[in-house]
Amino acid sequence: MNAHHDDIELLAALKTGSVGAFDHFYRLYREWLLVTAMTILQDQEEAQELVQEFFIDFWQQALYKRIDLSTITTLKNFLFVSIKNRCLNRISKDETRRKRLAWLQHPPYVTPDSRLEKNELHEQLEGAINTLPLKQSQVFRLAYQEHKTRKEIAAVMDISEETVKKHVASALKTLRQLLEKIRF
């Protein structure tokens, strides 16, 4: 039996919800995906975590239903692109976190020393958040005050994760502009 035929049978079994097919799929492709992720991320632990998250999503979100095995490379292409995109998203997220951390470590403002100054800062921040459009302020509060993930926010607000991302980016941009006008 050739690899193409095996992949078609494996995908057909996955589409029926077969746990045995998923186990076989996992054993068949895990190592290959791990090597791919490690090549991109250059971090074994992070690569293992990312590949594990992929397999969880692959099964729980039934990603296998989106695959059309019209050619022998379709399954591997789907898997490669999925892992590559997850790696790139992880790198992008890490870069964003590094920038925010650097900004917090070397802020363009003076941190408040007294309780009164902290209260004033809190009031100014709340005032600035309240000037945001309603959805933006809700998304911002969920992200930064309740520490929810994009996925959690999207589920709570019944919007896409991309919309959450745009609302957060717009809110941060607006808040930076408003707060930079206020010199501490």
Need the list of lysines near Lys65 for cross-linking: C-alpha distance under 24 angstrom, and skip anything on the same chain fewer than eight residues off. Lys15, Lys76, Lys84, Lys151
Ile56 versus Arg176: modelled label distance in nm, points set 7 Å from Cα along the beta carbon direction: 3.1 nm
Determine how large the accessible area of Arg27 is when every protein chain is in place; take a 1.4 Å probe and give Å² rounded to the nearest 10. 150 Å²
How much accessible area does Ser18 have with a 1.4 Å probe, in Å² rounded to the nearest 10? 40 Å²
Simple spin-label model, 7 Å along Cα-to-Cβ: Tyr144 to Lys76 in nm? 4.6 nm
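If you stretched the chain out fully between Ser160 and Ser92, how much longer would it get, using 0.36 nm times the residue separation minus the C-alpha to C-alpha distance? Could you put the intermediate results ahead of the total?
Details: separation 68, 0.36 × 68 = 24.48 nm, distance 1.89 nm.
Taking 0.36 nm per residue and subtracting the Cα distance, the gain is 22.6 nm.
The values are calculated or read from the model by the stated rules, or taken from the named source; none is laboratory data. From a predicted model like this one, the values you see are computed outputs, not experimental measurements. No Cβ is skipped: glycine too gets one built from the backbone with ideal geometry, and neighbour counts run over all protein chains shown. Side chains are part of the model used for accessible areas, which takes the heavy atoms of the whole protein and leaves out ligands, DNA and RNA. Shrake-Rupley method; radii C 1.70, N 1.55, O 1.52, S 1.80 Å.
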